[in-house]
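The values are calculated or read from the model by the stated rules, or taken from the named source; none is laboratory data. All values reported here derive from a predicted model rather than from experimental measurement. Note that we place each Cβ from the backbone using ideal geometry, even for glycine, and neighbour counts take in every protein chain shown.
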Amino acid sequence: MFGDSSFLIGFIRTIMKRVTKVSRTSQRSLDQGYRGGFSLLELVVVMSITSLLAGLLLPALSSVRENAHRVLCGSNQRQLGQAITMFSNSRRYQIPRASVLDGEVPDPSLLSRVREGVEQQGVMLAGGDPRAVPEPLQDSTFDGLGRLFRWHYCGDPELYYCPSHKGEHTLEECEAKWTEDKISEDLFGNYHYAGHKDWRTGVRRSLLQGEKLILITDGLRTKSDYNHGVGYNVLRGDCSVVWRDDVVTRARLTTLPPIDVDGFRNLDDLIYDIFSGQ
């Protein structure tokens with residue numbers, strides 16, 4: 001990994017011998033009554049060794065941190081899966097609706113949206129008729145996975161964000177928008193939701209499909225949403241989480257567009273294949 005290891009070991013031994021020699025010289029100087037202190041050579045040697053060790057350890061520490069983030073990401077998805085299960089059990093196995101799939105032209109690139117921004121937020125029924133209704137029946141701007149938050153199945157905003165995410169829509173940037181009365185711009189999480197139905201066939205998804213159903217993956221919206229870079233976590237209908245890292249899919253994911261509305265439509269095939277298990 002670091003080249004010729006015997007050369008590296010010999011180099012460190014040489015430095016340590018010189019440090020020992022300099023230390024002995026400094027000790028003799030102290031014995032002769034000179035004032036103690038570090039010589040310039042000692043400082044240079046110590047700084048060189050410190051820099052060398054830091055260079056060797058930092059890549060390993062970075063790898064350990066990413067592995068920890070990958071585990072936390074999977075844990076977030078598993079908890080979201082448990083919330084979807086509770087949501088589904090009280091609604092005849094239906095899973096949260098994603099309104100972006102109900103339009104004339106479904107837009108699966110927006111399936112990571114958890115709340116819709118509006119100019120004036122009014123009280124709406126699920127059918128879309130604005131009028132005053134009792135609180136338990138009120139709909140809201142929360143959508144997709146955001147419905148789990150709205151109906152108190154998963155009330156911690158942190159669970160909707162991947163710890164490896166470094167692009168836009170981070171937890172720090174978005175946390176306050178979860179509890180505001182209304183927001184003017186769409187709110188996104190870091191996880192991509194499959195939605196309540198197959199947007200090409202119209203067949204509704206159900207937890208009865210078990211492990212054959214893919215519910216959530218890491219972000220698939222733009223390059224900055226591809227959180228781990230070398231693969232992605234997948235939540236299945238039985239609440240199991242698996243790590244996927246196949247070369248073909250990874251190559252396609254690394255070509256995700258930047259944040260560009262016109263480029264979103266090119267993602268449809270990629271997203272569909274991933275949620276279809278292809």
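Within segment 76-120, the residues that satisfy the criterion of being of a type in the set (Lys, Arg) and within 25 Å of the chain's Cα centre (by Cα) are Arg78, Arg97, Arg113, Arg115. On the given criteria, is Glu211 out of contact with any strand residue (DSSP E or B) (no Cβ under 8 Å at 6 or more places or on another chain) and at pLDDT below 95? For Glu211, the condition - out of contact with any strand residue (DSSP E or B) (no Cβ under 8 Å at 6 or more places or on another chain) and at pLDDT below 95 - is not met.
The lone criterion from (1) of a type in the set (S, T, N, Q); (2) over 21 Å from Trp178 (Cα atoms); (3) within 18 Å of the chain's Cα centre (by Cα); (4) surrounded by 15 or more Cβ atoms within 10 Å (Cβ to Cβ) left unmet by Ser240 is number (4).
Quick check on segment 207-216. Is at least one of its residues touching a Leu at 6+ places or on another chain (Cβ under 6 Å) and surrounded by 13 or more Cβ atoms within 10 Å (Cβ to Cβ)? Yes, that holds for at least one residue.
Do we have any residue at all in segment 74-88 that's closer than 26 Å to Asp186 by Cα, surrounded by 11 or more Cβ atoms within 10 Å (Cβ to Cβ) and among the charged types (D, E, K, R)? Yes, that holds for at least one residue. In segment 142-197, of all residues being among the hydroxyl-bearing types (Ser, Thr, Tyr) and in contact (Cβ under 8 Å) with a residue 40 or more places away in the chain, the one that is farthest from Lys223 (Cα to Cα) corresponds to Tyr153. Which one of these does Asn76 not meet: (1) within 20 Å of Gln209 (Cα to Cα); (2) at pLDDT 95 or above? Every listed condition holds for Asn76 apart from (1). Just to be sure, is Ser29 farther than 30 Å from Glu158 by Cβ, surrounded by 11 or more Cβ atoms within 10 Å (Cβ to Cβ) and modelled with pLDDT under 75? For Ser29, the condition - farther than 30 Å from Glu158 by Cβ, surrounded by 11 or more Cβ atoms within 10 Å (Cβ to Cβ) and modelled with pLDDT under 75 - is met. The residue of segment 89-111 that is farthest from Asp156 (Cα to Cα), among those that are in contact with a strand residue (DSSP E or B) (Cβ under 8 Å, 6 or more places away or on another chain) and surrounded by fewer than 23 Cβ atoms within 10 Å (Cβ to Cβ), is Leu101. Screening segment 171-206 for residues that are of a type in the set (D, E, K, R) and assigned to a helix (DSSP H, G or I) and picking the one that is surrounded by the fewest Cβ atoms within 10 Å (Cβ to Cβ) gives Glu172.
For the subset of segment 96-123 comprising residues that are under 24 Å from Glu175 (Cα atoms) and of a type in the set (A, V, I, L, M, F, W, C), which member is modelled with the lowest pLDDT? Looking at residues that are under 24 Å from Glu175 (Cα atoms) and of a type in the set (A, V, I, L, M, F, W, C), I get Val123.
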